[in-house]
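First the structure, in the form of structure tokens, and then the observations on it.
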Amino acid sequence: MNTEFMQALRDLEREKGIKTEILLEAIEAALISAYKKNFGPIQNVRVEIHRDTGEIKVLAQRQVVEEVTDPRVEISLEEARAINNNYELDDVVEKEVTPRSFGRIAAQTAKQVVVQRIREAERGLIYDEFIGRENDIITGVIQRQEGKNIILDLGRAEAVLPTSEQSPGDSYRQGERLKAYILEVRKTNKGPQIMVSRTHPGLIKRLFELEVPEIHDGIVEVKGVAREAGARSKIAVHSRDEKVDPVGSCVGPKGSRVQAVVQELRGEKVDIIKWSDDPAVYVANSLSPARVLDVIVDEENKVSQVIVPDNQLSLAIGKEGQNARLAARITGWKIDIKSESEAGDWDNWEADLDLNEVDGLDLDGLDAITLDNDLEEPPAGS
């Protein structure tokens with residue numbers, strides 16, 4: 001050890017954030033083990049590294065006792081006071097026993113400790129960086145495929161995209177950049193393990209936060225997201241400023257903002273709907289792109305009855321019930337959809353259901369948009 005080594009440790013502190021004192025304490029502990037392994041396992045020793053010069057001393061420790069049973073670890077009070085008259089019983093007497101050949105052992109041990117501590121510190125820093133980003137979005141480069149899992153290179157770390165979190169519409173090519181949602185960060189012996197998802201509804205929310213400044217600034221709020229990954233999503237938005245249109249903000253000029261989200265989702269359809277504290281309006285909005293004639297709500301049981309034009313019934317229900325299912329999920333309401341002809345006499349239907357009708361539902365107040373320029377009304381029975 002020398003002054004150059006001490007300077008190297010201080011440089012490491014500045015570059016890696018590992019405190020010099022922590023490194024020195026770890027080296028001292030490792031040198032104690034190295035000494036006992038090579039020169040005497042029974043001895044009690046202490047290793048001291050001078051903080052300025054880097055000089056190493058090995059100090060044998062013996063306890064002051066009345067009667068010595070093992071001279072390697074004990075010393076009589078008489079012998080101790082011959083060294084220093086101030087010693088008392090149970091004090092510890094130290095004597096330097098640094099071997100001549102200890103420098104080589106010390107250098108090898110110090111190198112191993114420093115390398116190990118650097119690795120641990122880097123793993124700790126990476127863990128601290130990503131544990132605070134759970135439920136956030138990251139961008140990585142597809143590095144390789146292990147079994148059915150995709151490994152993303154995040155720069156300082158790797159993330160695992162398991163099969164269960166891969167969207168059906170995704171294809172993965174090595175070297176391609178991909179955004180994903182951080183599900184969990186685990187601390188392991190090999191470093192932090194970062195689990196990410198491409199199917200989580202939170203991915204939709206985070207993508208809109210990236211693309212829509214009004215959401216990032218808190219003017220527009222995302223009230224809910226419902227998603228069937230790879231097929232269709234619905235996102236409900238609300239503006240805290242009456243002058244700001246939440247749906248228009250998310251769509252962006254010529255649809256640029258929402259198109260960027262859809263492109264990242266590999267063409268997944270996205271319905272942007274306006275949230276409302278009026279359950280009838282909110283339910284009607286949620287069934288976009290279908291046109292709604294009227295809504296009856298039972299607030300106590302959170303059940304709603306919706307009437308749509310005859311030619312809009314299949315559109316309101318969606319393919320295999322997808323549109324109605326997503327609407328129910330995002331609103332939290334059970335939704336029963338009927339065509340105008342099925343509803344029959346409206347007053348009699350209301351009486352039979354014993355529900356509260358929302359009179360005069362203002363269709364102009366319904367606000368939703370579907371990002372699907374080529375959307376056609378599904379055939380009946382779809």
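The values are calculated or read from the model by the stated rules, or taken from the named source; none is laboratory data. Being a predicted model, the structure only gives us computed values, none of them experimental. Don't worry about glycine lacking a Cβ; one is built from the backbone with ideal geometry, like all the others, and counts go over all protein chains shown.
Here are the numbers for the structure shown:
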| item | result |
| --- | --- |
| Residue that is crowded, with 24+ Cβ neighbours inside 10 Å and either closer than 24 Å to Ser314 by Cα or of a type in the set (A, V, I, L, M, F, W, C) (or both), where the choices are Ile215, Ile235 | Ile235 |
| Count of the range 205-247 residues which are in a helix (DSSP H, G or I) and either hydroxyl-bearing (Ser, Thr, Tyr) or over 21 Å from the mean Cα position of the chain (by Cα) (or both) | 4 |
| Single unsatisfied condition, Thr163 versus (1) over 29 Å from Lys234 (Cβ atoms); (2) exposed (fewer than 13 other Cβ atoms within 10 Å of the Cβ); (3) not assigned by TED's automatic domain parsing to the domain that holds Ile22 | (1) |
| Residues within the range 5-35 that are without any contact (Cβ under 8 Å) to a residue 40 or more places away in the chain and farther than 16 Å from Glu48 by Cβ, tallied | 8 |
| Options Ser304, Ser288: the member that is within 35 Å of the chain's Cα centre (by Cα) and either among the small types (Gly, Ala, Ser) or part of a loop (DSSP other than H, G, I, E, B) (or both) | Ser288 |
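Okay, residues lined up against (1) over 22 Å from Pro201 (Cβ atoms); (2) of a type in the set (Lys, Arg); (3) modelled with pLDDT of 90 or more:
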residue	(1), (2), (3)
Leu293	yes, no, yes
Glu299	yes, no, no
Val303	yes, no, yes
Leu313	yes, no, yes
Ile317	no, no, yes
Leu326	no, no, yes
Ile330	no, no, yes
Lys334	no, yes, yes
